[in-house]
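Everything below concerns the one structure shown next.
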Amino acid sequence: MKSLKKSLVHALSMSMLIGLSTNSFAELVVNHGSGATSQTKTWSTADAKQYFNEDDDDLEPSPKGSTHINTSIRSGSAQSGAASGQVFDTHYSSNAPAISAGSALVMDAHTGEVLYSKNSNMARPIASITKLMTAVVTADARLNMSEEITLQQIDFDGPKKASSSLRVGDKMNRAEVLLVALMKSENPAAAALARTYPGGKPAFVAAMNAKARQLGMNSTRYYESTGLDSRNVSSARDLSILVSEASKYGVIRQFSSTPHYDFNLGYRVLRSNNTNALVRNGGWNINLSKTGFINEAGRCVVMHTTINSRPAVVVLLGEPSTQSRNSDATNLLTWLNNLPKRI
């Protein structure tokens with residue numbers, strides 16, 4: 001038993017070092033040796049410390065300056081634009097599928113070239129896409145991820161009522177709280193991450209907005225950590241920058257792309273699925289994912305994917321339904337797969 005646990009911990013730490021690994025977090029841990037049937041896993045203090053608090057280069061993004069958006073047309077010789085935080089506009093979408101989203105963007109994550117754009121500079125409510133910045137701020141703080149967090153009533157008292165499978169009094173360590181916030185988009189979990197941040201929610205929200213300014217996300221404003229507040233706004237262009245940044249964090253890639261996970265809360269098991277059907281179904285190589293919905297925002301999704309050897313960012317905001325969001329995302333990924341490779 002000890003040797004199995006040791007091998008699981010080793011697999012967790014190795015997955016951080018691999019980068020964009022072909023094995024998901026769920027495959028390495030939840031489904032270890034069990035095929036497609038998920039197993040209940042209890043995160044121990046040792047697990048959380050090993051996975052988050054090691055001095056891994058992959059957890060801390062490489063330092064860089066502020067992002068500057070260049071709206072001019074970029075030539076075919078663009079190199080590493082996204083890596084330097086730049087987004088370049090080209091109009092390569094004449095044969096792209098028609099989509100229902102209010103705003104959209106598809107970007108080559110290596111060059112920064114915009115392959116598809118629709119109202120991409122329009123600031124609009126982003127719902128739970130907010131939680132991607134919540135995860136970045138949490139990871140940047142390098143807090144003790146094995147620290148136990150008890151959910152309080154205040155974590156459920158958001159700006160509007162939302163359903164949740166969590167309950168007041170549930171206990172998880174910070175690793176599990178981050179996982180359930182990213183994978184299942186649980187609002188009380190995101191609220192608890194802000195509440196337990198040094199300085200509390202005010203400091204957390206200030207850090208969110210400071211990070212947005214650092215990245216050059218000039219259309220973006222955050223008021224809280226869950227996305228239930230419709231004043232949390234961003235543009236598809238800004239979110240493509242955030243997705244590129246967040247994809248540098250191994251923990252965010254792994255947790256946001258976990259298809260299924262069973263949380264052992266001691267007195268009950270919380271069986272959870274990823275909110276993105278494309279992640280659950282496993283038909284695409286999705287490295288990072290986050291969905292969102294409130295009435296003001298419509299259905300939203302952001303993804304970092306690798307298709308036909310091309311790393312790409314896909315952003316869809318303001319979809320009228322979950323079905324249209326999934327359909328548009330699938331059609332854009334299929335279109336992206338048929339684009340010629342850049343030489």
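Phi angles across region 246-253 convert, under the Karplus curve 6.51 cos²θ - 1.76 cosθ + 1.60 with θ = phi - 60°, into 3J(HN,Hα) values of 5, 5, 7, 9, x, 5, 6, 4 Hz, Gly and Pro given as x. Annotation: amide H-H contacts under 5 Å for Ser120 (H modelled 1.01 Å from N, sequence separation of 5 or more, or interchain): Ala104.
Could you tell me the center-to-center distance, by alpha carbons, between region 311-330 and region 228-253 in angstrom? Centre-to-centre distance over Cα atoms comes out at 15 Å.
Measuring r between the beta carbons of Ala210 and Thr330 and using R0 = 30 Å, the FRET efficiency lands at 0.25.
Values in this text are rule-based calculations from the coordinates and carry no lab data. From a predicted model like this one, the values you see are computed outputs, not experimental measurements. Using ideal geometry, Cβ is built from the backbone for each residue, glycine included, and neighbour counts are taken over all protein chains shown.
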